[in-house]
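The values are calculated or read from the model by the stated rules, or taken from the named source; none is laboratory data. Please read these numbers as outputs of a predicted model, since none were measured by experiment. We place every Cβ from the backbone using ideal geometry, glycine too, and count neighbours over all the protein chains shown.
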Amino acid sequence: MNHSNLEVFPEEEKLVAELELLGIRYLSRQSPYQAGKVRPPETLLADLVRQPSARVRAAVIAVLLAHPEYAEAVPAALEKLQSYERLILQGFYIAAVLLQQEHVHRLRPLLAARWRWLPDLFSTEWGLPAEGTPRERLAALGREHRRRAQARVNWAGTYEQVARQLLRQWEVQTQWSR
């Protein structure tokens, strides 16, 4: 008897499979689950932030870098979240804005027609400096994120790691497709 259609896959596996449909393939999966479609943007963003795994939560940054049009769904995603989860989404959103500025010369050609600037929705609310390089502002964001989340996490390193993994994946794909 074939049990494959009876298998229940964890939410994380489903989310990572959906990310693959969005061109985000740097996260490994433990199952053969294949997504047929991607859930609506506000639901995807909220569901990613709710995951217990930090690597999956941080993929929100990759989604926003890969699909800047998802910025429009952020307010609706925030409404679906509890206060701590809203804090995480806002922090990751600001990180995506700053990473987009930092890596514009690599991102713009890879995104082509999908390219657009992410609007800065939360930096002022978070009291972040308007001046400085994106890297300096990411460091300030990391410190503020640590303070607000009360979690001793290297937030700036987390943000940078997501961008590095995503860009490396895309650049390798581009080389292979030539």
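Contact annotation: residue pairs with Cβ atoms under 8 Å, 6 or more positions apart or on different chains, pairing a residue in segment 140-167 that is more than 16 Å from Val56 (Cα to Cα) with a partner that is among the aliphatic types (A, V, I, L, M) and part of a loop (DSSP other than H, G, I, E, B), are Ala140/Leu128; Leu141/Leu128; Glu144/Leu128; His145/Val153; Arg146/Val153. When segment 80-111 is filtered for residues that are part of a helix (DSSP H, G or I) and free of Cβ contacts under 8 Å to residues at least 24 places away in the same chain, the ones remaining, listed by number, are Ser83, Arg86, Val104, His105, Arg108, Pro109. Determine, yes or no, whether Leu138 is outside any loop (DSSP other than H, G, I, E, B), of a type in the set (A, V, I, L, M) and modelled with pLDDT under 95. Against the criterion (outside any loop (DSSP other than H, G, I, E, B), of a type in the set (A, V, I, L, M) and modelled with pLDDT under 95), Leu138 does not qualify.
Close contacts from segment 112-136, counting a first residue that is without any contact (Cβ under 8 Å) to a residue 24 or more places away in the chain and aliphatic (A, V, I, L, M) and a second that is assigned to a loop (DSSP other than H, G, I, E, B) and loosely packed, with under 12 Cβ neighbours inside 10 Å, with Cβ to Cβ under 9 Å and a gap of 6+ residues or different chains, come to Ala130/Thr124.
Check segment 164-172 and report whether any residue there is in a helix (DSSP H, G or I), at positive phi and surrounded by fewer than 18 Cβ atoms within 10 Å (Cβ to Cβ). Checking segment 164-172: not a single residue is in a helix (DSSP H, G or I), at positive phi and surrounded by fewer than 18 Cβ atoms within 10 Å (Cβ to Cβ). Does Ala46 meet the test of being small (Gly, Ala, Ser), assigned to a helix (DSSP H, G or I) and more than 23 Å from Arg168 (Cα to Cα)? Yes; evaluated as a whole, the condition is true for this residue. When segment 52-80 is filtered for residues that are modelled with pLDDT under 95 and more than 20 Å from Arg164 (Cα to Cα), only Pro52 remains.
Residues in segment 11-32 that are surrounded by fewer than 14 Cβ atoms within 10 Å (Cβ to Cβ) and not in a helix (DSSP H, G or I): Ser28, Gln30, Ser31, Pro32. Of the residues making up segment 147-173, those that are among the aliphatic types (A, V, I, L, M) and at pLDDT 90 or above number 6. May I ask you to list the residues in segment 64-89 that are farther than 20 Å from Pro52 by Cα and not aliphatic (A, V, I, L, M)? Matches in segment 64-89: His67, Pro68, Glu69, Tyr70, Glu72, Pro75. Just one of (1) of a type in the set (Ser, Thr, Tyr); (2) under 13 Å from the mean Cα position of the chain (by Cα); (3) farther than 21 Å from Thr158 by Cβ fails for Tyr26. It is (3). Once segment 141-151 is narrowed to residues that are among the aliphatic types (A, V, I, L, M) and surrounded by fewer than 19 Cβ atoms within 10 Å (Cβ to Cβ), the residue that is nearest to Gln82 (Cα to Cα) is Ala149.
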